[in-house]
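*Asks:* The structure that follows is given in the form of structure tokens.
The values are calculated or read from the model by the stated rules, or taken from the named source; none is laboratory data. From a predicted model like this one, the values you see are computed outputs, not experimental measurements. Positions of Cβ are generated from backbone atoms using ideal geometry, with glycine treated the same way; all protein chains shown enter the neighbour counts. Surface areas here come from the heavy atoms of the whole protein model, side chains and all, with no ligands, DNA or RNA. Shrake-Rupley method; radii C 1.70, N 1.55, O 1.52, S 1.80 Å.
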Amino acid sequence: MLILVRLFGVVIICMGIIFLINPKAVKQYISYWKEGKKLRVGGIISILFGIIFLIAAPQCRLTGFITVLGIWSIIKGVLLLTLSQKMMAAYLDWWSNKPILATRFLSIFILAFGVLLIYSA
């Protein structure tokens, strides 16, 4: 399970780098998830990652962080599955309309989050 947590951290770091280099990629990423039932698939994926994090947490350096991340992922997944598509689309539009500076700040945060995830695993 630790390997999956580390792999997820690597993916997050890659996303952070891509978003930092190309802020327009954030809008493309957001528009991808808005199409059809992809948010529902994202909800299922979030729940699965939450379960993986909770199972892996006792083996990690920062057990509390990974546990909170697991609970947060499960809550996010349940919300993605239960909230209306219209409400989620409005939230994603709000994020996609942020200025470039906010996108770059988000990218740095994503990058740091990925590093912390790899460190804690």
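*Asks:* Can you work out the accessible area per residue across the chain, with the rest of the protein chains kept in place, probe 1.4 Å, in square angstrom?
*Replies:* Computed with neighbouring chains in place, this is 62 Å² per residue.
*Asks:* Less than 18 Å apart at the alpha-carbon level, and either on another chain or at least 8 residues along: which lysines does that give for K24?
*Replies:* Partners within reach: K34, K98.
*Asks:* Shifting gears a bit: What net charge is computed for the residues neighbouring A89, neighbours being all others with C-beta under 12 Å from the C-beta of A89, Lys and Arg scored +1, Asp and Glu -1?
*Replies:* Its environment carries a net charge of +1.
*Asks:* Gap in Å between the Cα centre of the stretch 1-15 and the Cα centre of the stretch 68-105?
*Replies:* A separation of 20 Å, based on Cα centres.
*Asks:* Expressed as a whole percentage, what fraction of the accessible surface of the chain belongs to carbon and sulfur atoms when a 1.4 Å probe is rolled over the protein heavy atoms? Don't jump to the answer; show the numbers that get you there.
*Replies:* Details: 5730 of 7450 Å².
Taking all protein chains in place, the chain shows 77 percent carbon and sulfur surface.
*Asks:* Taking 0.36 nm per residue of sequence separation and subtracting the Cα-Cα distance, how much length would be gained by fully extending the chain between L83 and L7, in nm to one decimal?
*Replies:* Computed gain between L83 and L7 is 24.5 nm.
*Asks:* Continuing with this model, one more query. May I ask you to rank C60, C14 by accessible area, largest first, using a 1.4 Å probe over the protein chains only?
*Replies:* On the way: C60 10, C14 65 Å².
Highest to lowest solvent-accessible surface, that is C14, C60.
*Asks:* Here is a follow-up. Count charges around G42 for me, please; just the other residues with Cβ under 15 Å from its Cβ, Lys/Arg as +1, Asp/Glu as -1.
*Replies:* +4
*Asks:* Continuing with this model, one more query. Would you list, by chain and number, the lysines whose Cα falls below 18 Å from the Cα of K38, excluding same-chain residues fewer than 8 positions away?
*Replies:* Leaving aside lysines fewer than 8 places away in the same chain, those within reach of K38 are K27, K76, K86.
*Asks:* Still on this structure: For the chain, set up a GNM with springs between Cα atoms under 10 Å and report which of L111, L101, L80 has the largest fluctuation.
*Replies:* Of L111, L101, L80, the Gaussian network model singles out L101 as fluctuating most.
*Asks:* What order do R40, R104 take when sorted by accessible area (1.4 Å probe), most exposed first?
*Replies:* Largest to smallest exposure gives the sequence R104, R40.
*Asks:* Work out the FRET efficiency for I45 and A102 from their Cβ-Cβ distance, taking R0 = 25 Å, and round it to the nearest 0.05.
*Replies:* Using R0 = 25 Å, I get an efficiency of 0.50.
*Asks:* Could you compute how much accessible surface K38 exposes when probed at 1.4 Å, giving the result in Å² to the nearest 10?
*Replies:* Surface open to solvent at K38 totals about 50 Å².
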